[in-house]
Amino acid sequence: MTLALGVLVSGNGSNLQAILDAIAAGVVDAEVRVVISNRADAYAVARAQLAGVEAVVIPHRDYPTREAFDQELIRTLQRTGVEWVVLAGFMRVLSPEFIQAFPGRILNIHPALLPAFPGTHAIRQALVHGVKITGCTVHFVNEGVDSGRIIAQRAIPVLPEDDEESLAERMHHAEHQLFVEVLRDVAAGRIVSHVEG
Ligand code: GRF
């Protein structure tokens, strides 16, 4: 059965694009039911619209609390029949209520080999620390920041001449492949929901 996805975004949406392209190519047996952005100016919103996918902007600043914002996310995802939630460059931390609304069915992609370099500046931190190998991680989302169980990782060498831009470019390329591989396996039932504890 075709997997019903909801994708949460805040920015460029290149991972969203990779997912949409893989679905269109028949590589992933899924349908993106809705793309939700907390920022109206995110290019990901245009990508969704160009693909004919419902795009909803829910500005977090319009809500008094994280819980109220998350309730609106949940309502939108449930209204559109979403089974699995994909965070693709979504820059907000989700509340326990949100996590519990999609138990074990929320995925995130992160531009580091977790548990190294969680948080917002993972690529910069890899360069600052001088690591020779970094990479990307797809993981289940729990109540922490980038701390849920790891599903898949791809290693990327850090080259002596790398700066943030060149490393980010190779990172994104690897992310797109890794995310699609994981979603293909979720859609095929090879990866199943995972609840901690
Ligand atoms: C990616 O590097 C992802 O790992 C991180 O945010 C970035 C999103 O990029 N969580 P894009 O919006 O998919 O192009």
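Rule-based calculations on the coordinates, nothing more; no lab input. Since the model is a prediction, treat every value here as computed from it, not as a measurement. Ideal geometry is used to build each Cβ from the backbone, glycine not excepted, and the neighbour counts take in all protein chains shown.
For labels at Val131 and Leu50 in the simple 7 Å Cα→Cβ model, what's the distance in nm?
About 3.1 nm separates the two model spin labels.
In terms of the Cα gyration tensor, with a ≥ b ≥ c the square roots of its eigenvalues, is the stretch 67-197 rounded because a/c is under 1.5, prolate because a/b exceeds b/c, or oblate? Write out the running numbers ahead of the final one.
Numbers: a/c = 2.22, a/b = 1.76, b/c = 1.26.
Cα axes put the stretch 67-197 in the prolate bin.
For a test of the definition: using alpha carbon positions, the gyration tensor, and the 1.5 limit on a/c, classify the stretch 13-66 as rounded, prolate or oblate. Let's see the in-between values first.
Values: a/c = 2.81, a/b = 2.28, b/c = 1.23.
In terms of gyration-tensor shape, prolate.
Would you mind checking the tilt of helix 164-187 against the longest principal axis of the Cα atoms of the chain, expressed as 0 to 90 degrees and rounded to 10?
Helix 164-187 sits roughly 50 degrees off the main axis of the chain.
Mind ordering 160-169, 15-24, 128-137 by average Cβ neighbours within 10 Å, highest first?
Values: 160-169: 11.9, 15-24: 20.7, 128-137: 16.8.
So the order, starting with the most tightly packed, is 15-24, 128-137, 160-169.
DSSP loop trypsin sites (Lys or Arg not before Pro) in the stretch 139-173 with at most 13 other Cβ atoms within 10 Å of their Cβ, which ones?
Numbers: sites: Arg149, Arg154, Arg170; in loops: Arg149.
Hits after loop and neighbour filter: Arg149.
How high is the FRET efficiency between Glu164 and Arg61 when r is their beta carbon distance and R₀ equals 41 Å, given to the nearest 0.05? Working shown, then result.
Numbers: r = 28 Å, r/R0 = 0.68.
With a Förster radius of 41 Å, E is 0.90.
If you put +1 on each Lys and Arg Cβ and -1 on each Asp and Glu Cβ, how big is the dipole of the chain around its Cα centre, in Debye rounded to 20?
Once rounded to the nearest 20, the dipole reads 240 debye.
Under the 0.36 nm per residue contour assumption, what length would be gained going from the current alpha-carbon distance of Ala40 and Arg92 to full extension?
Between Ala40 and Arg92, full extension yields an extra 17.3 nm.
Taking the 0 to 90 degree range and rounding to the nearest ten, how far is the long axis of helix 66-79 tilted relative to the main principal axis of the chain, both from C-alpha atoms?
70 degrees
In nm, to one decimal, how far is the modelled label at Ser147 from the one at His173, with both set 7 Å along Cα→Cβ?
So the label points at Ser147 and His173 sit 3.5 nm apart.
Give the relative contact order (percent, whole number) for the chain; include only Cα pairs under 8 Å separated by 6+ residues.
It comes to 21 percent, rounded to a whole number.
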